[in-house]
1. Which of the following residues is touching a helix residue (DSSP H, G or I) at 6+ places or on another chain (Cβ under 6 Å) and among the basic types (Lys, Arg): A:ARG110, A:ARG152, A:ARG100, A:ARG143?
2. State all residues of the stretch B:1-43 that are in contact with a Lys or Arg (Cβ under 8 Å, 6 or more places away or on another chain), more than 10 Å from chain A (Cβ to nearest Cβ) and either part of a helix (DSSP H, G or I) or in contact (Cβ under 8 Å) with a residue 40 or more places away in the chain (or both); if no residue qualifies, say none.
3. Which condition breaks for A:PRO277 when tested against (1) modelled with pLDDT of 95 or more; (2) under 18 Å from A:LEU408 (Cα atoms); (3) surrounded by 14 or more Cβ atoms within 10 Å (Cβ to Cβ)?
4. Can you go through A:VAL349, A:VAL305 and tell me which one is crowded, with 16+ Cβ neighbours inside 10 Å and either in contact with a Gly (Cβ under 9 Å, 6 or more places away or on another chain) or under 30 Å from A:PRO435 (Cβ atoms) (or both)?
5. Does A:PRO269 satisfy the criteria of being within 14 Å of chain B (Cβ to nearest Cβ) and surrounded by fewer than 20 Cβ atoms within 10 Å (Cβ to Cβ)?
6. If we only count strands (runs of 3 or more DSSP E) wholly inside the stretch A:182-268, which ones have 2 or more residues that are more than 14 Å from A:GLN439 (Cα to Cα)?
7. Would you check if there is a residue in the stretch A:69-76 being part of a strand (DSSP E or B) and either touching a Leu at 6+ places or on another chain (Cβ under 9 Å) or crowded, with 24+ Cβ neighbours inside 10 Å (or both)?
Amino acid sequence: MQDLVWAPMTELARMIATKAVSPVEVVRAHLDRIAALDGSLRAFITVCGDAALETAKAAEGRLMAGGALGPLHGVPYALKDLYDTAGVRTTGGSRIFADRVPTSDATVVRRLAEAGAILLGKLNMVEFAYGPEGLNPHYGHARNPWDAAAHRMAGGSSSGSGVAVATGLAPGALGSDTGGSIRIPASLCGITGLKPTYGRVSRAGVLPLAWSMDHVGPMTRTVADSALMLGVLAGYDPADASTSVLPVPDYLAALTGKIHGLRVGVLGPYFLTGATPAVRAAVEAAAQTLATAGAIVDEVKLERVSLAAAGSLAVVAAEALAYHAELLRTRAAEYDPEVARRLRLSAFVGGVHYVRAQQVRALVREEVDAALAHRDVLLAPATPIVAPTLDERQVALGDGPSDVRAALLRFTRPFNFSGHPACAVPCGFTEGGLPIGMQLVGRPFDEATVLRAADAFQRLTDFHTRRPVA
Amino acid sequence: MTSDPIDLETLRSGARLAGFTWSDAELEEIRPQVEAALRQLRALESVELGSTEPTTQYRTV
């Protein structure tokens, strides 16, 4: 049973399809682990235990009857609690939506069900996804599992997704990423997190933070599992006008392990110089690992990328307030006070700020496109720091002091702003045993190359196989 | 577009124009963050934009 909760989704799918293990056994193993550990980890807001077991029994029946199986038949997963689920409350991590029960599934939830995946439950998150630290006063702060002695941040806003996957409570999960909310918890919790290209995966039925910056994506322990999930999630959806009609490639088939001749640009100033020494050393070592395997590595400087901080602030603030204005007028006292402060601040971001930010966004996008014109992927730290303790407010970066919130967002939000796909994977550990994450960024809609590079890195290293103390 | 520091009356006016009636205590609480945000947003004013048109979303095809 212990092995089942650490098995990758690709392996669980294979074992179930070959009847080496029953979906009921797999689901029960994960539910048992959730029951044993989640009281302290606080990864889940809602556990769908009975429904998951019923679905698993039905999946076992179909398997024994010899019916056609989806690519995730019988494989459990969990959802950040901002995906609509018919008949199961979707809180957005908020007390305001504590009893909100959707009548239909988000498009991606429906696609996962059609692929045979089994929902274990809904995961903890920052209220309305508005914050990178991973804190939630309503449902408890999810606990980073890599330090038994201190309560460290899981990272957010997909905090429960990061913790659940890192601790074997779920083999995979969905997060959402507006400024780094998949990649930040992936980095701090030592797992893989993929933010696809804007428009690759439908956002229909997903509570928004900022429509033009929100991305839906998988969080898993291996890159191959993210590739498996993306193949199910991706594709045009008439319910989301921003989705692309481009065909969905076979992402698993792209994982050849071959990176000879792959052109990798290491993002230098702003990224490497901004990172703490341990993070910088780990990312430089990762670049060397890729080079040793045949990649062609050079350094890239992005001049405009630092503007993404101000630009993202304007765009996210304006769009978030547009969604929350009525609730903020009528139910302000029920918000997390920190989230309420961020939303109130948004009232002072003007229309001119918003439009100038969108103009700057075009320039940043062009610059990232130009860097990728003669390279296949870009490499950078996912976060400049490892998981801070809950009471840390300031951190020392490679180029000066920073508040924790700005530090966590610094390297991820440029690619929400630009829309490029980016995959975070673990690339080292500090002497104290905390995971370090890097991200690989690719051309629009070329997730296949990003995943191939990240998977090749995981074949060359064992950082993604280490287990936390919890 | 903006300058700092910002006094309470300016905050009151801005909030009212945006359709919110927040207490003075609530406005005082966010004053430092508003000032910091507006300082940060000034970075957008110094960018040479030329004829660049605003992006509303990534180019989906």
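1. Details: A:ARG110 fails: touching a helix residue (DSSP H, G or I) at 6+ places or on another chain (Cβ under 6 Å); A:ARG152 fails: touching a helix residue (DSSP H, G or I) at 6+ places or on another chain (Cβ under 6 Å); A:ARG100 fails: touching a helix residue (DSSP H, G or I) at 6+ places or on another chain (Cβ under 6 Å).
One residue alone meets the criteria, A:ARG143.
2. B:LEU8, B:ASP24, listed by residue number.
3. Answer for A:PRO277: the failing condition is (3).
4. Details: A:VAL349 fails: either in contact with a Gly (Cβ under 9 Å, 6 or more places away or on another chain) or under 30 Å from A:PRO435 (Cβ atoms) (or both).
When all the criteria are applied, what remains is A:VAL305.
5. Details: within 14 Å of chain B (Cβ to nearest Cβ): no; surrounded by fewer than 20 Cβ atoms within 10 Å (Cβ to Cβ): yes.
No; evaluated as a whole, the condition is false for this residue.
6. On the way: elements: A:192-195, A:215-220, A:263-267.
Output list reads A:215-220.
7. Going through the stretch A:69-76, the residues part of a strand (DSSP E or B) turn out to be A:76.
Among the residues that remain, those that are also either touching a Leu at 6+ places or on another chain (Cβ under 9 Å) or crowded, with 24+ Cβ neighbours inside 10 Å (or both) are: A:76.
There is at least one residue in the stretch A:69-76 that is part of a strand (DSSP E or B) and either touching a Leu at 6+ places or on another chain (Cβ under 9 Å) or crowded, with 24+ Cβ neighbours inside 10 Å (or both).
Residue-wise test of (1) surrounded by 24 or more Cβ atoms within 10 Å (Cβ to Cβ); (2) at pLDDT 95 or above; (3) in contact with a helix residue (DSSP H, G or I) (Cβ under 7 Å, 6 or more places away or on another chain).
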site	(1), (2), (3)
A:LEU372	no, yes, no
A:ASP376	no, yes, yes
A:ALA387	yes, yes, yes
A:SER402	no, yes, no
A:THR430	no, yes, yes
A:GLU447	yes, yes, yes
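The values are calculated or read from the model by the stated rules, or taken from the named source; none is laboratory data. Keep in mind that what you see is a predicted model, and the values were worked out from it rather than measured. When we count neighbours, we look across all protein chains shown, and the Cβ atoms used for this are built from the backbone with ideal geometry, even at glycine.
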